[in-house]
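Reading through the structure tokens given below for one structure.
The values are calculated or read from the model by the stated rules, or taken from the named source; none is laboratory data. All figures in this text were calculated on a predicted structure; none of them were measured in a lab. Note that we place each Cβ from the backbone using ideal geometry, even for glycine, and neighbour counts take in every protein chain shown. Please note that ligands, DNA and RNA were not included when accessible areas were found on the heavy atoms of the full protein model with its side chains. Shrake-Rupley method; radii C 1.70, N 1.55, O 1.52, S 1.80 Å.
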Amino acid sequence: MKKLLIVILVCLPLTGKTQDLSKVFKFATFYAAANGGTSLSDNQTWSVTSGTLQEEVVETPFDYSISLGIRKIKRFGYENRANTFYNGTENSYSDAATLGRLDGFEYLFETNLERRLGNKYNNQNHFIRYVADKWIAKLAYVEDGFADIKYFEASQRYRYQINNKLSLNIGAVQRLAQPYGFDPLEDWILDNGTMHYTYLALQEGYSITLDKEYFNPSGDLVASSQPVWEEVVIPQVIAEYVEKERDALSSIVEYSIVLGADYYHYTRQFWFHSWANIMPYHIDTDNEYSYHKYNDDKQWIDFSVGMICGYKFNKSLGTFVEGKYNKYWNREWHDFSVGINYVIF
């Protein structure tokens with residue numbers, strides 16, 4: 001978060017040198033919102049201990065999201081503000097496009113704290129971009145807690161406009177992220193493919209008595225039978241170990257070549273907006289944790305694509321398809337929306 005604040009504080013004043021601050025924030029929208037709702041209903045579970053029936057009620061706390069953001073992005077022709085206010089739940093697929101509706105300076109800074117089905121996630125989407133006739137520059141930070149991905153990304157591209165609808169671009173991308181190919185459990189896998197998980201737990205401070213009682217590093221009893229130890233405690237031990245080992249590593253910078261394309265067509269009856277970014281080549285910096293090491297020193301392809309399409313058959317019937325898909329390193333995340341609307345007059 002400190003890095004993000006530095007980016008905001010540094011970049012916005014720099015833009016102010018060429019534009020008045022009033023122009024930088026003109027037409028921008030600041031929003032803060034909290035949303036909530038019922039989660040899963042209570043779940044009753046039963047177990048038998050020493051012949052005695054025991055009942056337990058598993059409760060899932062209510063879902064919520066807290067959003068804070070500021071945005072200055074020109075809406076495309078197909079985008080309509082259905083709500084009077086931003087409430088933080090909007091999902092604008094076009095925010096992921098390389099180009100905006102108009103050339104110039106645009107930005108988005110949005111943070112979303114979310115609890116879903118009892119699990120908490122932190123989602124962030126921030127970017128500053130400038131689009132000119134012949135070049136594009138963008139600085140972004142993305143964190144998707146649900147997809148377990150976060151990275152900084154900077155790109156500088158040459159832009160070639162084929163016509164007023166289609167443009168191509170080529171340039172360089174620098175991404176700062178944790179080494180996603182790193183597998184902390186690799187050293188614990190035996191030659192026969194099994195894992196010496198008990199020894200791992202002992203190394204992490206767990207202990208086992210001769211009576212088959214299992215204690216955590218704080219000395220608390222966590223299991224009194226091997227099935228509970230293997231099915232309940234060990235998965236938690238492994239998850240905590242993996243998270244600890246990954247957090248102990250420093251982030252690395254990946255240098256890549258990017259090829260991109262953007263297409264935008266809009267009429268009141270039909271609109272089609274698509275974009276694609278492909279990174280087919282990555283410079284091997286010989287870093288110990290570079291993704292090259294986890295990909296057998298071979299090149300790989302990272303990409304992001306998106307599409308928004310809508311068609312009105314007549315004044316009553318219309319259909320739409322929207323979605324985006326991303327693949328970076330060994331992470332994939334995507335979302336889509338498809339439907340039909342019929343308005344009765």
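Just one of (1) open to solvent by 50 Å² or more (accessible area, probe 1.4 Å); (2) modelled with pLDDT of 95 or more; (3) of a type in the set (A, V, I, L, M, F, W, C) trips up residue 309, so point out which.
(1)
Can you name every residue in the range 174-218 that is within 15 Å of residue 238 (Cα to Cα), in contact with a strand residue (DSSP E or B) (Cβ under 6 Å, 6 or more places away or on another chain) and in a loop (DSSP other than H, G, I, E, B)?
The answer is 216, and nothing else.
So which pairs qualify, if the first residue must be in the range 26-48 and basic (Lys, Arg), the second must be part of a strand (DSSP E or B) and open to solvent by less than 100 Å² (accessible area, probe 1.4 Å), the Cβ gap must be under 9 Å, and the two must be at least 6 apart or on different chains?
Listed by first residue and then by second, the contacts come to 26/72.
Suppose we filter the range 112-142 for residues that are under 14 Å from residue 64 (Cβ atoms), open to solvent by less than 40 Å² (accessible area, probe 1.4 Å) and either modelled with pLDDT of 95 or more or part of a strand (DSSP E or B) (or both); how many remain?
4
Any idea which of 317, 259 is over 28 Å from residue 134 (Cα atoms), more than 20 Å from the chain's Cα centre (by Cα) and open to solvent by 50 Å² or more (accessible area, probe 1.4 Å)?
Result of the check over 317, 259: 317.
Can you name every residue in the range 154-203 that is under 30 Å from residue 133 (Cα atoms) and of a type in the set (Gly, Ala, Ser)?
Hits for the range 154-203 are 154, 155, 167, 171, 172.
Read through the list (1) without any contact (Cβ under 8 Å) to a residue 40 or more places away in the chain; (2) aromatic (Phe, Trp, Tyr); (3) open to solvent by less than 40 Å² (accessible area, probe 1.4 Å), then give the number of the only condition that residue 182 fails.
Just one mismatch for residue 182, condition (1).
Within the range 265-276, does at least one residue satisfy the condition of being under 30 Å from residue 76 (Cβ atoms), outside any helix (DSSP H, G or I), among the β-branched types (Val, Ile, Thr) and out of contact with any helix residue (DSSP H, G or I) (no Cβ under 7 Å at 6 or more places or on another chain)?
Checking the range 265-276: at least one residue is under 30 Å from residue 76 (Cβ atoms), outside any helix (DSSP H, G or I), among the β-branched types (Val, Ile, Thr) and out of contact with any helix residue (DSSP H, G or I) (no Cβ under 7 Å at 6 or more places or on another chain).
Please verify whether residue 342 is open to solvent by 70 Å² or more (accessible area, probe 1.4 Å), of a type outside the set (S, T, N, Q) and under 30 Å from residue 103 (Cβ atoms), treating the condition exactly as stated.
The answer is no for residue 342.
All but one of (1) of a type in the set (Phe, Trp, Tyr); (2) surrounded by 15 or more Cβ atoms within 10 Å (Cβ to Cβ); (3) touching a Lys or Arg at 6+ places or on another chain (Cβ under 9 Å); (4) not in a strand (DSSP E or B) hold for residue 78; state the number of the condition that does not hold.
For residue 78, the failing item is (3).
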